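Encoded as structure tokens, the structure appears first; notes follow it.
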Amino acid sequence: DAGVIQSPRHEVTEMGQEVTLRCKPISGHNSLFWYRQTMMRGLELLIYFNNNVPIDDSGMPEDRFSAKMPNASFSTLKIQPSEPRDSAVYFCASSLYGWNNEQFFGPGTRLTVL
Amino acid sequence: AQKITQTQPGMFVQEKEAVTLDCTYDTSDQSYGLFWYKQPSSGEMIFLIYQGSYDEQNATEGRYSLNFQKARKSANLVISASQLGDSAMYFCAMRAEGSSGGSNYKLTFGKGTLLTVNP
């Protein structure tokens with residue numbers, strides 16, 4: 001079975017450019033999560049979707065960040081405009097709905113903003 | 001709100017020995033799940049083991065077992081017969097049923113423990 005798929009795996013861009021990260025969750029999973037990982041702040045939940053609906057976006061750092069889930073098999077995280085402090089590894093994870101279900105993580109996108 | 005504390009920033013173990021990674025948690029919820037993830041240097045997050053708050057037996061998955069002590073609010077990961085490939089960052093995490101009608105199942109992570117297995 002395919003796991004969570006993320007693209008691109010690596011992204012290098014210049015400050016001010018738009019960045020779009022993509023995620024395909026595991027088929028049948030109805031919860032999707034975007035995380036950011038940095039050395040300083042560890043793993044941070046950015047946004048959580050359930051059945052394609054954003055449930056909690058309190059972790060989105062500012063208006064430059066936006067996320068969409070147009071259907072059950074695709075989600076995007078967009079940063080516009082990007083800044084050097086956005087450099088991090090961004091993970092997408094999916095799970096079945098429920099507090100007792102594990103989240104399966106994608107391989108992550110390593111973003112570098114110059 | 002949930003909180004996970006991992007007090008060991010780094011741990012060393014000799015190959016083939018067992019090691020325990022500590023995790024304590026804080027929650028006011030009665031229904032919750034505890035998870036351990038492994039993150040090797042390649043960066044991916046790998047799910048290892050799960051323990052539910054109502055589970056009476058400690059969870060086991062191969063060489064991984066979870067020493068769950070509910071009264072002490074601890075969920076320590078035990079790795080038996082350590083291998084060089086076990087060298088990685090290990091994260092403890094929890095999700096709880098919460099009070100928001102069950103609609104917000106955030107996974108709260110600890111800061112992690114870096115395990116190094118020596119040959």
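The values are calculated or read from the model by the stated rules, or taken from the named source; none is laboratory data. Just so it is clear, the structure is predicted and the values come from calculations on it, not from any experiment. Backbone-built Cβ (ideal geometry, glycine too); neighbour counts: all protein chains shown.
With respect to A:M15, is the statement that it is modelled with pLDDT of 95 or more, among the hydrophobic types (A, V, I, L, M, F, W, C) and more than 19 Å from A:R110 (Cα to Cα) true? No: the conditions fail for A:M15.
A quick yes/no check of all residues on (1) surrounded by fewer than 19 Cβ atoms within 10 Å (Cβ to Cβ); (2) touching a strand residue (DSSP E or B) at 6+ places or on another chain (Cβ under 6 Å):
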{"site": "B:C23", "(1), (2)": "no, yes"}
{"site": "B:D26", "(1), (2)": "yes, yes"}
{"site": "B:I49", "(1), (2)": "no, yes"}
{"site": "B:K70", "(1), (2)": "yes, no"}
{"site": "B:A75", "(1), (2)": "no, yes"}
{"site": "B:S82", "(1), (2)": "no, yes"}
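Among the criteria (1) hydroxyl-bearing (S, T, Y); (2) exposed (fewer than 14 other Cβ atoms within 10 Å of the Cβ); (3) closer than 20 Å to B:Y105 by Cα, the one A:T38 does not fulfil is (3). Looking only at residues in region A:90-114 that are more than 13 Å from the chain's Cα centre (by Cα) and among the β-branched types (V, I, T), the one that is surrounded by the most Cβ atoms within 10 Å (Cβ to Cβ) is A:V113.
Yes or no, residue by residue, for (1) at pLDDT 95 or above; (2) closer than 25 Å to B:I4 by Cβ; (3) among the β-branched types (V, I, T):
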site: A:S31; (1), (2), (3): no, yes, no
site: A:S58; (1), (2), (3): no, yes, no
site: A:K68; (1), (2), (3): yes, no, no
site: A:L77; (1), (2), (3): yes, yes, no
site: A:Q80; (1), (2), (3): yes, no, no
site: A:N100; (1), (2), (3): no, yes, no
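Restricting A:P61, A:P70, A:P54 to those that are in a loop (DSSP other than H, G, I, E, B), surrounded by fewer than 19 Cβ atoms within 10 Å (Cβ to Cβ) and out of contact with any Phe, Trp or Tyr (no Cβ under 7 Å at 6 or more places or on another chain) reduces the list to A:P61.
Taking the criterion of being away from chain A (no Cβ under 12 Å), out of contact with any helix residue (DSSP H, G or I) (no Cβ under 7 Å at 6 or more places or on another chain), in contact (Cβ under 8 Å) with a residue 60 or more places away in the chain and not in a strand (DSSP E or B), the residues of region B:14-47 that qualify are B:K16, B:E17, B:A18, B:D22, B:C23. Regarding region A:73-89, can at least one residue be identified that is away from every other protein chain (no Cβ under 14 Å), buried (at least 20 other Cβ atoms within 10 Å of the Cβ) and among the β-branched types (V, I, T)? Yes; the residues of region A:73-89 include at least one that is away from every other protein chain (no Cβ under 14 Å), buried (at least 20 other Cβ atoms within 10 Å of the Cβ) and among the β-branched types (V, I, T). Could you say whether any residue in region A:4-11 is surrounded by 20 or more Cβ atoms within 10 Å (Cβ to Cβ) and in contact (Cβ under 8 Å) with a residue 12 or more places away in the chain? Within region A:4-11, one or more residues are surrounded by 20 or more Cβ atoms within 10 Å (Cβ to Cβ) and in contact (Cβ under 8 Å) with a residue 12 or more places away in the chain.
Residues that are assigned to a loop (DSSP other than H, G, I, E, B) and either modelled with pLDDT of 95 or more or on the phi > 0 side of the Ramachandran plot (or both) were ranked within region B:84-107; the one that is surrounded by the fewest Cβ atoms within 10 Å (Cβ to Cβ) is B:G101. Out of (1) under 19 Å from B:M45 (Cβ atoms); (2) modelled with pLDDT of 95 or more; (3) out of contact with any Gly (no Cβ under 9 Å at 6 or more places or on another chain), what's the single condition that is false for A:S73? Unmet condition: (1). Considering every residue within region A:50-68, establish whether at least one is farther than 20 Å from A:V4 by Cβ and among the β-branched types (V, I, T). Looking through region A:50-68, none of the residues is farther than 20 Å from A:V4 by Cβ and among the β-branched types (V, I, T). Within region B:54-72, the set of residues being free of Cβ contacts under 8 Å to residues at least 24 places away in the same chain and either more than 16 Å from B:Y90 (Cβ to Cβ) or not in a loop (DSSP other than H, G, I, E, B) (or both) comprises B:Y54, B:D55, B:E56, B:Q57, B:N58, B:T60, B:E61, B:S65, B:Q69, B:K70, B:A71.
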